[in-house]
Structures are given as C-alpha cells and as structure tokens.
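One structure is given below, encoded as structure tokens.
Values quoted throughout were computed directly from the atomic coordinates according to the rules given, and no laboratory measurement underlies them. What you see is a predicted model; the values in this text were computed from it and never measured. Methodologically, a virtual Cβ is constructed for each residue, glycine included, from the backbone with ideal geometry; neighbour enumeration extends over all protein chains shown.
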Amino acid sequence: MTYLITGSAGHLGEALMRTLQAAGTPARGLDVLPSPFTTHVGSIADRAFVRGAMAGVSAVIHAATLHKPHVATHSRQAFVDVNVTGTLTLLEAAVEARVRAFVYTSTTSAFGSALSPAPGEPAAWITEDVTPVPRNIYGVTKVAAESLCELFHRDQGLPVIVLRTSRFFPEEDDVVSVAQAYETANAQANELLYRRADIEDVVGAHLLAAEKAGEIGFGRYILSATTPFGRDHLAELRADAPAVVRRLFPDFEALYAARGWTLFPSLDRVYINDRARATLGWAPKYDFRHVLDCLATGDDFRSELARAVGVKGYHRASPPP
C-alpha cells in the first residue's frame, strides 16, 4: 500500500511519515511548507498539483488543516480554502485515482458549544452521537469537510473514515489561565483523564482506519485516551474532580505532590473512545495510569514518537515564497 500523507510538515503528518518510513511502507508527504518529510510541496487546493501527487496512491491520510490557533492569524476565507476546498480537491482526486482508503483527520473541537454544559450541570459525556455546535470558523469548516467525506462515500463509493482527534499537540494550553496556572506537562497529564491522546496512539488509529476503511465503508470515531470515568461520575467531576480521581487512583496525590503538580478542580466534558476501540481494534496505551506509572519511576510519560516530533508551533499567515 502506498500512502499519501497531507500536512507532512505538521505534528501528525511528520509522526505518520516517521512511522511509515520506519516500517518500510511507501509514503509520500504533501505540505504547503517544505520539511524533511515532505516530498510534494504545494497547496491541497491546487487540483493539478494534487492529481499529480495522488497518482499511484492506494491510501490517503488527510491531516493538513488550518487549526484553531490560526483563527487569530488567518481569514475565514483561508479556512474555507484549506479545510473545505482542499478536502474537496483531495476527495475528487482520490476517486479519480481509485484510492482504496481515505482517512480524514477531524477534531473534537467540532463539537463546539456542546462541550460546555451550563453552570451547575454535570460534565458532558461526549460520544459520536453528540450533535456538533461549532463555535468558530475552524469548527464550521471541519464539520463541513466531514460532510463532504460522507457525501463522497455515499455518492462515489469511496471508503472514508473520519477521526475526531482530541488534543495531542505538545504546545502549552491555548487557554491563558490554564497556561499560567499549570506547567505544560502537568496540564497535559491532567488532560489524559478526559481530553487528550498521545501522538503515537493517534498515528496507530489512523493506520488502523486506513486498513479497515474498505470493510467499514464510512465511519466517524473519537480518538482520545481511554477515560477511567463512567457516567455516574459526571456530576462530581464538575463539582470536585480531584475527589473522583482520588478514589480511582489512590496513589495519585503523593505522585503529584512530589512533582508539585495539581489536578484541575473541575472537568466539563469526558471524551468516550468506545466506538474506535470496538470497530477499529484501537488499543491506546498512553492514559492516566501510564502517567502515574511514569511519575513513580521518574520517566517521561510521552511516547518516543512524541519526543521525536517535538514542538512545531503553527505556521504564519502566509507561507514563505
């Protein structure tokens, strides 16, 4: 199988390229920016360019996107051009090239306002059945691109898997109050309880999706570390999250205290990955128990792949000439 990886200069694209190359699997990297993992430099909205890059490809993993931080630096039109028109261009080229699998990297940000319960309400239990309520142009364009993917499956028979990924980026939190109150590792460890995944697990899910797209046809899945919480925890998670974690992980307080870490006092949502585990056979390894085990031994809880890819930031409003 020959893969085309879009967004190969980004976090996930590079991680996918590293993994495929290490396995000896043929893979082409496509990005608007050059990088050591990019073989085709150009825009996914350029039909001729995309058609040339797609020739001979059997599976596409479409990770290229304008992200939420780009809302502050890019126009709404730029989001439509990249996230919607670019996806359409890739889907059309994939059908023309008779690609056997198309995997689209979406985001749990697509749920938008559905992630924020009213004050006093329990934390939200987020599955694929929750209706998205996008709150910005990023969410709107990701949901629109998901709909295009589903349309191409229905009308063209293209096997497509949509993966709504939770946070896996290494940068500090984009909420200023969280970034100021918690060191990055502390915040990201906390998030593995309910809204984060390690990039190695995310890569694994994408490759499983590419392998199984033909038998599934179309599917939409949440990717997040397996949460230890159940529905019966939701009210207390909103009121006193550390109390719940204390009962589930009696060793967490001492391990956190040794690092000077603290938990978030309240959680507003919990992402549920049951469908991805059941249908894709996904078995994420990097969860909160893993964090605590690493704290006990003094090890970094991030995967080797996460450390290799490192911190990239987000590209400028206009790519270099």
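Give, as ranges by residue number, the residues of the range 175-209 whose backbone N falls under 12 Å from the point 7 Å along Cα→Cβ of residue 248.
Residues 190-196 fall inside that zone.
Pick from 243, 257, 306: which residue has the top mean-square fluctuation in a GNM of the chain where Cα pairs under 10 Å get a spring?
The residue with the greatest mean-square fluctuation here is 257.
Can you give the relative contact order of the range 83-172 as a percent, counting alpha carbon pairs under 8 Å and 6+ residues apart?
Values: 104 pairs, mean separation 38.6, N = 90.
Once divided by the residue count of the range 83-172, the mean separation gives 43 percent.
Rounded to the nearest Å, what's the spacing between the alpha carbon centres of the range 174-236 and the range 1-20? Just the number, please.
The distance from the Cα centre of the range 174-236 to that of the range 1-20 comes to 19 Å.
What is the order of 191, 92, fewest Cβ neighbours within 10 Å to most?
On the way: 191 22, 92 18.
Listing 191, 92 from fewest to most nearby Cβ atoms yields 92, 191.
Residue-wise, which Karplus ³J(HN,Hα) couplings in Hz belong to the range 249-263, taking 6.51 cos²θ - 1.76 cosθ + 1.60, θ = phi - 60°, and x for glycine or proline?
Those phi angles translate into 9, x, 8, 5, 4, 5, 5, 5, 4, 5, 9, x, 8, 9, 7 Hz.
Restricting to Cα pairs below 8 Å that are 6+ residues apart, what does the relative contact order work out to for the range 3-309? Please round to a whole percent. Numbers along the way, then the final one.
Numbers: 569 pairs, mean separation 54.0, N = 307.
It rounds to 18 percent for the range 3-309.
Quick check: Cα centre of the range 35-88 to Cα centre of the range 111-153, how many Å?
22 Å
For the chain, set up a GNM with springs between Cα atoms under 10 Å and report which of 25, 297, 108 has the largest fluctuation.
297
Using a Gaussian network model of the chain with C-alpha springs under 10 Å, which one of 94, 27, 185 is most mobile by mean-square fluctuation?
So, out of 94, 27, 185, the one fluctuating most is 185.
What does the extension gain come out to for residue 121 and residue 33, with contour length at 0.36 nm per residue minus their alpha carbon separation? The partial results should precede the final answer.
Working: separation 88, 0.36 × 88 = 31.68 nm, distance 4.40 nm.
In short, 27.3 nm is gained.
For the range 166-172, what does the Karplus curve 6.51 cos²θ - 1.76 cosθ + 1.60, with θ = phi - 60°, yield as ³J(HN,Hα) per residue in whole Hz, taken in order and with x for Gly and Pro?
Calculated HN-Hα couplings, in order: 7, 5, 9, 6, x, 5, 5 Hz.
Would you please put 233-239, 205-211, 114-120, 36-42 in order of how densely packed they are, using the mean number of other Cβ atoms within 10 angstrom per residue and starting with the highest?
Details: 233-239: 18.9, 205-211: 23.6, 114-120: 12.0, 36-42: 17.0.
Highest-to-lowest ranking by the protection proxy: 205-211, 233-239, 36-42, 114-120.
State the answer as a single residue: which of 262, 33, 163 lies farthest towards the positive end of the charge dipole of the chain, with beta carbon charges of +1 for Lys and Arg and -1 for Asp and Glu, about the Cα centre.
Selected residue: 33.
Enumerate the calculated ³J(HN,Hα) couplings along the range 290-297 in order (Karplus 6.51 cos²θ - 1.76 cosθ + 1.60, θ = phi - 60°), each rounded to whole Hz, writing x wherever the residue is Gly or Pro.
4, 4, 5, 4, 5, 4, 5, 9
If you rank 285, 142 by fewest surrounding Cβ atoms within 10 Å, what's the result?
Numbers: 285 13, 142 30.
So the residues, fewest neighbours to most, are 285, 142.
Which length gain, in nm to one decimal place, applies between residue 266 and residue 232 when the Cα-Cα distance is subtracted from 0.36 nm times their residue separation? Don't skip to the answer; put the middle values down first.
Numbers: separation 34, 0.36 × 34 = 12.24 nm, distance 1.53 nm.
Gain on extension, residue 266 to residue 232, equals 10.7 nm.
Let's see if you can work this out: charge +1 on each Lys and Arg Cβ, -1 on each Asp and Glu Cβ, no other charges. What is the dipole magnitude of the range 3-309 about its Cα centre, in debye to the nearest 20?
Values: 29 positive and 35 negative charges, 114 e Å.
In total the dipole reaches around 540 debye.
Taking a 24 Å limit on the Cα-Cα distance, which of the listed pairs 142/285; 68/312; 212/285; 142/312 fall beyond it?
Numbers: 142/285 27 Å; 68/312 15 Å; 212/285 20 Å; 142/312 22 Å.
Checking Cα-Cα distances, 142/285 exceed 24 Å.
Given points 7 Å out from each Cα along the Cα-Cβ axis, report the residue 154 to residue 279 separation in nanometres with one decimal.
1.6 nm
Amide H of residue 220: which non-local residues (sequence gap of 5 or more, or other chain) have their own amide H closer than 5 Å, using H built in the peptide plane?
Those qualifying (amide H under 5 Å, at least 5 residues apart or on another chain) are 162.
Could you give the length gained by full extension between residue 98 and residue 308, i.e. 0.36 nm per residue of separation minus their alpha carbon distance, to one decimal place?
72.2 nm
With the contact rule set at Cα under 8 Å and sequence spacing of 6 or more, what percent relative contact order holds for the range 196-317?
On the way: 104 pairs, mean separation 45.3, N = 122.
Over the range 196-317, the number comes to 37 percent.
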